[in-house]
Amino acid sequence: MNNGIEFHNITKRYGTDADAPLAVKGISFVIQQGTLTTILGPSGCGKTTTLRMIAGLESPTSGRIIMGGQDVTSLGPAPRNVSMMFQSYALFPHMNVIENVTYGLKMSGIAKPVAKARALEAMKNVGLVGYDDRLPSELSGGQQQRVALARALVLEPDVLLFDEPLSNLDARLRREMREEIRTLQQRLGLTVAYVTHDQSEALAVSDQIIVMDHGVIAQAGTPQELYEYPTSEFVAGFMGEAMLFPAQANAIGVVALGPLSITPRQRVHEGPVKVAVRPEAWNIGAPGTGLSARLGKLAYLGSNYEYTFETELGAIFVVSPDLAHVLSVGSSVGLTLADHGVSVVQVS
């Protein structure tokens with residue numbers, strides 16, 4: 001069975017009132033065994049509720065959940081063999097690292113020597129060799145997260161769940177830990193469901209991304225599919241930074257954006273559309289080419305410059321990696337579009 005997790009028309013309503021709003025509205029998806037799927041969306045979209053239903057911490061109002069080929073809809077967490085890593089880490093402050101990691105095994109009745117051997121192996125997997133006797137208060141945020149990860153792994157779950165696992169870390173540690181989680185998942189062949197609201201995090205770690213909006217799935221696919229080929233205005237705006245411009249498609253599907261002409265990679269019908277343009281998709285050229293623009297603001301970020309241009313389409317935000325030719329405020333340029341980072345979605 002290739003399907004680690006299957007949701008079939010799952011709904012979730014909190015409360016017994018039939019008129020109570022649905023937190024999750026008839027969603028269906030598959031997470032293949034041995035892959036990492038990120039459930040992504042803004043606050044209140046239903047992603048954490050979905051994760052809790054995978055864990056068995058919440059029961060669906062209707063629909064079926066299949067895990068490893070078995071219907072687990074009515075089962076609690078224990079029979080599902082899942083481990084969940086929370087945002088807060090939830091370490092026991094009075095226990096040292098080895099005690100925290102072995103806690104779940106002890107509660108399961110595993111013999112102490114076996115539990116310790118498995119804990120040491122799990123700690124080795126997450127880079128915590130030699131940290132056995134330290135208390136959580138003696139660890140950095142990244143080290144505490146590794147303890148929580150080792151505690152989840154030591155139970156040898158069929159499915160590992162993450163709920164916003166990196167939100168308490170600074171930017172450098174977030175990058176390091178997401179790389180470690182992805183490497184560990186691939187090396188051990190884990191089936192992972194990963195909840196976050198951070199688009200760059202989702203793009204970096206996922207085999208599949210499920211974008212949720214108001215309790216429904218807005219789009220699901222690979223990171224590249226969602227970034228390059230969004231199917232709705234919401235996904236286009238949510239997956240990475242993008243500016244959305246109203247435009248018009250003609251009878252053959254060519255889109256006019258001011259003086260610029262765009263041939264979409266997917267078929268669009270004649271009528272109003274939205275063009276999503278990533279900041280890196282703009283090419284800066286000589287005045288008189290493409291879209292006339294005047295530089296209003298700039299910011300130096302070390303590896304690139306951020307420019308805000310004034311144009312007939314309104315203010316346009318551009319990221320330029322060219323550090324050798326820096327524009328000055330008031331400069332006139334022409335803006336054209338690259339082949340990447342531009343997508344067209346139909347207005348419903």
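Summary table
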| read-out | value |
| --- | --- |
| Output for the stretch 305-341, where each listed residue is in contact with an Asp or Glu (Cβ under 9 Å, 6 or more places away or on another chain) and part of a strand (DSSP E or B) | Y305, I316, F317, V318, V319, S320 |
| T191 under 10 Å from the mean Cα position of the chain (by Cα) and either surrounded by fewer than 23 Cβ atoms within 10 Å (Cβ to Cβ) or not basic (K, R) (or both) | no |
| Unique match (being surrounded by fewer than 13 Cβ atoms within 10 Å (Cβ to Cβ), within 21 Å of V255 (Cα to Cα), of a type in the set (G, A, S) and without any contact (Cβ under 8 Å) to a residue 40 or more places away in the chain) among A315, A299 | A315 |
| Test: residue in the stretch 26-43 that is closer than 18 Å to P157 by Cβ, surrounded by fewer than 16 Cβ atoms within 10 Å (Cβ to Cβ) and either among the acidic types (D, E) or more than 19 Å from the chain's Cα centre (by Cα) (or both) | no |
| Residue in the stretch 198-216 that is modelled with pLDDT under 90, surrounded by fewer than 17 Cβ atoms within 10 Å (Cβ to Cβ) and not polar (S, T, N, Q) present | yes |
| Entirely in the stretch 136-245, the strands (runs of 3 or more DSSP E) that have 3 or more residues that are under 30 Å from A281 (Cα atoms) | 191-196, 208-213, 216-221 |
| Counted residues, the stretch 60-101 - those being touching a residue at least 40 places away in the same chain (Cβ under 8 Å), on the phi < 0 side of the Ramachandran plot and not aliphatic (A, V, I, L, M) | 13 |
| Residue list for the stretch 274-296, restricted to those being of a type outside the set (K, R), crowded, with 16+ Cβ neighbours inside 10 Å and either in a strand (DSSP E or B) or over 32 Å from the mean Cα position of the chain (by Cα) (or both) | V275, A276, V277, W282, I284, G290, L291, S292, A293, L295 |
| Filter pass, V255 being in contact with a Phe, Trp or Tyr (Cβ under 9 Å, 6 or more places away or on another chain) and either in the same structural domain as V326 (by TED's automatic domain parsing) or modelled with pLDDT under 90 (or both) | no |
| Every residue from the stretch 59-90 that is within 30 Å of Q143 (Cα to Cα) and under 25 Å from the mean Cα position of the chain (by Cα) | P77, R80, N81, V82, S83, M84, M85, F86, Q87, S88, Y89, A90 |
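The values are calculated or read from the model by the stated rules, or taken from the named source; none is laboratory data. Everything numeric in this text was worked out from a predicted model, so none of it was measured. Here the Cβ is made from the backbone with ideal geometry for all residues, glycine too, and neighbour counts use every protein chain on show.
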